[in-house]
1. Within the stretch 145-169, work out how many residues are out of contact with any Leu (no Cβ under 8 Å at 6 or more places or on another chain), without any contact (Cβ under 8 Å) to a residue 40 or more places away in the chain, surrounded by 13 or more Cβ atoms within 10 Å (Cβ to Cβ) and of a type in the set (D, E, K, R).
2. Only residues that are surrounded by 11 or more Cβ atoms within 10 Å (Cβ to Cβ), closer than 28 Å to residue 80 by Cα, of a type in the set (Gly, Ala, Ser) and modelled with pLDDT of 85 or more: list them for the stretch 111-144, please.
3. Given the condition of a type in the set (Phe, Trp, Tyr), surrounded by 16 or more Cβ atoms within 10 Å (Cβ to Cβ) and modelled with pLDDT under 85, answer yes or no: does some residue in the stretch 22-41 qualify?
4. Out of the helices (runs of 4 or more DSSP H) lying entirely within the stretch 29-89, which hold 2 or more residues that are within 25 Å of residue 105 (Cβ to Cβ) and touching a Leu at 6+ places or on another chain (Cβ under 6 Å)?
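The values are calculated or read from the model by the stated rules, or taken from the named source; none is laboratory data. Just so you know, these numbers come straight off a predicted model, no measurement behind them. A quick note on method: Cβ atoms are made from the backbone with ideal geometry, for glycine too, and the neighbour counts reach across all protein chains shown.
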Amino acid sequence: MVRLGGLPASSDYDRLEGILRNVESLGLTPGLESEVFRHLVRGRRTIPELVELAFGADPSSTDYHTYYVRTWRAVRELESRGLVSAPLLGKDKAYRLTKHGLAVLLRLSENRKATRGILSMMDYALFASTMVLGAVAYLIARPGELTTVFVFMLGVSTCRLVLRVKEVW
């Protein structure tokens, strides 16, 4: 069960922990990435909080900077896959799982294969057909039904792209 805030209910943590143990199905490398992801499932965290949770090191520790950089790189890798949302401004804002990251977890909990990318094959087909339609409408250079269909398809493609970007932000 998922609460309104997007975080899993406390009764589902055990099931999520079992899913997170199988890090290969998420595409995560065993170790720090899976540890960071596991902590972000439980809620928003900053990099210093993640360093403390993963390594048990506080800012006065001699190895803190090394752990901080390793954790920062792991978060950036998860962010590049669309699983973690980055803060817009400020360096110590809390990171969180994206809707895409939660959807990947839900697919895994239903024993379905997790998709690797953010865009589906349907999205690629929609974008490609819009580009082809635009090129044909341009080459014909005559306003008519083809231009109207292209404008409609451009609107649909734009809406789909905005929705996908919103899922990973």
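1. 0
2. Passing the criteria: 128, 129.
3. At the first step, the residues of the stretch 22-41 found to be of a type in the set (Phe, Trp, Tyr) are 37.
In the following step, the residues that additionally are surrounded by 16 or more Cβ atoms within 10 Å (Cβ to Cβ) were identified as 37.
Next, from what is left, pick out any that are modelled with pLDDT under 85: 37.
Looking through the stretch 22-41, at least one residue is of a type in the set (Phe, Trp, Tyr), surrounded by 16 or more Cβ atoms within 10 Å (Cβ to Cβ) and modelled with pLDDT under 85.
4. Values: elements: 32-41, 47-55, 64-80.
Ranges flagged: 32-41, 64-80.
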